[in-house]
Amino acid sequence: MNIVDYKEYISAETMMGPNSVRILAELFDKYPLELVPNDMVLDLGCGTGLTSLIIAKETGARVFANDLWVSAEENRKRFAAWGVGNQITPICEDANNLHFEKKQFRVLISIDSYHYFAGSKGFFQEKILPFMQDEGVILIGIPGLKEEFTGRAEELLSDWLGDDAYMFKSPKLWKELIGENDRIASVKTWEMDCFSEAWDDWFATNKKFALDDRQHFDKIIKPYTCFVGIYIKLKREII
Ligand SMILES: C[S@@+](CC[C@H](N)C(=O)[O-])C[C@H]1O[C@@H](n2cnc3c(N)ncnc32)[C@H](O)[C@@H]1O
């Protein structure tokens, strides 16, 4: 996908951190999706719904945009203004307690949010997997710790993140946390490429949180952290 196509939507109003559109674009380029309009995609932790808009436009599928901090009403208004109100359903639920149909989704996408709620062993298998169709795909892009600093998040990141430092985990650790299951065909985790551009776009918003992050970029964020990509492919139905 070409992120320039979405330039008008990427703004200080819609951004909540490093440019989620760049992270999504990198995931789509690496693992292209071929969906039909009846397919359902869950955008988990969608924030202001910027990624939900792009998923809808790029795939043509029906999108469920779930977030905790941004209300469904606020996102509903934005989707209507963007002309995608019929294709995207906004929802406000905690990812720990979702209320979808079993095997509802062909694809789950989660950008810059999965680390807030999914960092315990068993979370994926208990809270996410039941909602995913056989042969489904999960694409996740989140900030994390570079591989070589595995296990040192609190020591290295606390001056920036305080008590939230534990959320940052390395690609290898995320693979272990997702674990193995009869329904999982493969799990791949890696350090993503879009790090500098995504952070630069965030700093350019001049929002208060962006200016705070900028203060820590050279000493903490750049040397120790990365964006972790996670791709999970599910097996065909087991008979
Ligand atoms: C940094 S924002 C990123 C939002 C958006 N994905 C983006 O990249 O712009 C993190 C998002 O995670 C969501 N989040 C945090 N904890 C959550 C939970 N337990 N259930 C659902 N969403 C959650 C928040 O509501 C918030 O919008």
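Gyration tensor analysis over the Cα atoms of segment 156-222 returns equivalent ellipsoid semi-axes of 29, 15, 10 Å (largest first, whole Å). Coupling constants for segment 168-177 follow from the phi torsions by the Karplus curve (6.51 cos²θ - 1.76 cosθ + 1.60, θ = phi - 60°), and in residue order they are 8, 10, 7, x, 5, 5, 4, 5, 5, 5 Hz; glycine and proline get x. When DSSP beta bridges are restricted to pairs lying wholly in the chain, around 45% turn out antiparallel.
According to a simple spin-label model (label point 7 Å from Cα along Cα-to-Cβ), what is the distance in nm between Q215 and K103? Between K103 and Q215, the label points sit 5.2 nm apart. Its Cα gyration tensor gives the chain an equivalent ellipsoid; the semi-axes, largest first and in whole Å, are 26, 23, 15.
Computing FRET efficiency as 1/(1 + (r/R0)^6) for E147 and N86, where r is the C-beta to C-beta distance and R0 is 35 Å, gives about 0.25.
Computed from the Cβ-Cβ distance with R0 of 41 Å, the FRET efficiency linking D182 to E93 stands at 0.95. If the chain linking E126 and A72 were pulled fully straight, counting 0.36 nm for each residue of separation and taking away their Cα-Cα distance, it would gain 17.0 nm. With helices as the sole contributors, the chain gives -8000 deg cm²/dmol at 222 nm; each DSSP H run of n ≥ 4 counts as -39500 (n - 2.57), and the sum is divided by every residue. FRET efficiency for the E34 to K7 pair, using the beta carbon distance and R₀ = 41 Å, is estimated at 0.95.
Relative to a virtual label point 7 Å from the Cα of F203 in the Cα→beta-carbon direction, which members of segment 1-22 show backbone nitrogen distances below 14 Å? It comes to 18-19, nothing else.
Every number in this text was worked out from the coordinates using simple rules, so none of it is lab data. Just so it is clear, the model here is predicted, and its values are computed rather than measured. Cβ coordinates were reconstructed from backbone atoms using ideal geometry, including for glycine residues, and neighbour counts include every protein chain displayed.
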